[in-house]
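*Asks:* I am attaching a structure below and will ask some questions about it afterwards.
The values are calculated or read from the model by the stated rules, or taken from the named source; none is laboratory data. Every value quoted in this text rests on a predicted model; they were computed, and no experiment measured them. All Cβ positions, glycine included, derive from the backbone under ideal geometry; neighbour counts span all protein chains shown.
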Amino acid sequence: MDKRKIEFYVGLFVIIGLICVVCLFAVLGEISFIKDKRYPITAFFTSVSGLKTGARVEMAGVEIGAVSTVSIDKERLLAKVELSIDKNISLSEDIIASVKTSGIIGQKFIEISPGGSDIMLEPGEEVYNTESSLDIESLVRKIIFDKDNK
């Protein structure tokens, strides 16, 4: 083979390799090159102990989104959780968002219980019905100290 053909094939191999590396980073880093397929909604909780950004949002055991941000709302003094929900999922305004734990000491996630309203949440709206996570430490502490007092 002449030198030009070898250089062409080497160049083609390098370009294909670079495309594969970019695709690998996009898949592993969950980077979307197309318009986002999710819409944001906000929920306020009294406690989201252990909930982290990127946690799952589930409905009926099926993942329908992820937690975008977890912060504190300075006006309400509540935990503000921004959820990104898949666009093909419509949530009614009376859903209940609960902080749950997978397993006994597993990771925290948001469980959405469906509502019955015909009015659907629009992007950026708030969820009014929320349930905070169960604080196991305070329950154990309560049980231990209640037994000592009896």
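*Asks:* Here is a list: S84, S133, S92, S138. Which entry is surrounded by 12 or more Cβ atoms within 10 Å (Cβ to Cβ) and either among the basic types (K, R) or more than 18 Å from the chain's Cα centre (by Cα) (or both)?
*Replies:* Result: S92 is the single residue among S84, S133, S92, S138 that is surrounded by 12 or more Cβ atoms within 10 Å (Cβ to Cβ) and either among the basic types (K, R) or more than 18 Å from the chain's Cα centre (by Cα) (or both).
*Asks:* Residues G103, G65, G115, G61: which one is within 19 Å of Y39 (Cβ to Cβ) and over 11 Å from the mean Cα position of the chain (by Cα)?
*Replies:* G115
*Asks:* Assess whether E82 counts as being closer than 23 Å to Y39 by Cβ, in contact with a Pro (Cβ under 6 Å, 6 or more places away or on another chain) and modelled with pLDDT of 90 or more.
*Replies:* yes
Residue-by-condition table, conditions (1) among the aromatic types (F, W, Y); (2) modelled with pLDDT under 90; (3) closer than 22 Å to P123 by Cβ; (4) touching a His at 6+ places or on another chain (Cβ under 8 Å):
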residue: V27; (1), (2), (3), (4): no, yes, no, no
residue: I31; (1), (2), (3), (4): no, yes, yes, no
residue: K35; (1), (2), (3), (4): no, yes, yes, no
residue: F44; (1), (2), (3), (4): yes, no, yes, no
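*Asks:* Failed condition for V127, given (1) crowded, with 16+ Cβ neighbours inside 10 Å; (2) out of contact with any Ser or Thr (no Cβ under 8 Å at 6 or more places or on another chain), with all others met?
*Replies:* (2)
So that you can scan it fast, the table gives a plain yes or no per residue for (1) aromatic (F, W, Y); (2) without any contact (Cβ under 8 Å) to a residue 60 or more places away in the chain; (3) under 19 Å from L51 (Cβ atoms):
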| site | (1), (2), (3) |
| --- | --- |
| K74 | no, yes, yes |
| K87 | no, yes, no |
| S102 | no, yes, yes |
| S132 | no, no, yes |
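*Asks:* Sticking with this one: Would you list the strands (runs of 3 or more DSSP E) that sit entirely within the stretch 31-91 and hold 3 or more residues that are farther than 21 Å from S117 by Cα?
*Replies:* 62-73, 78-86
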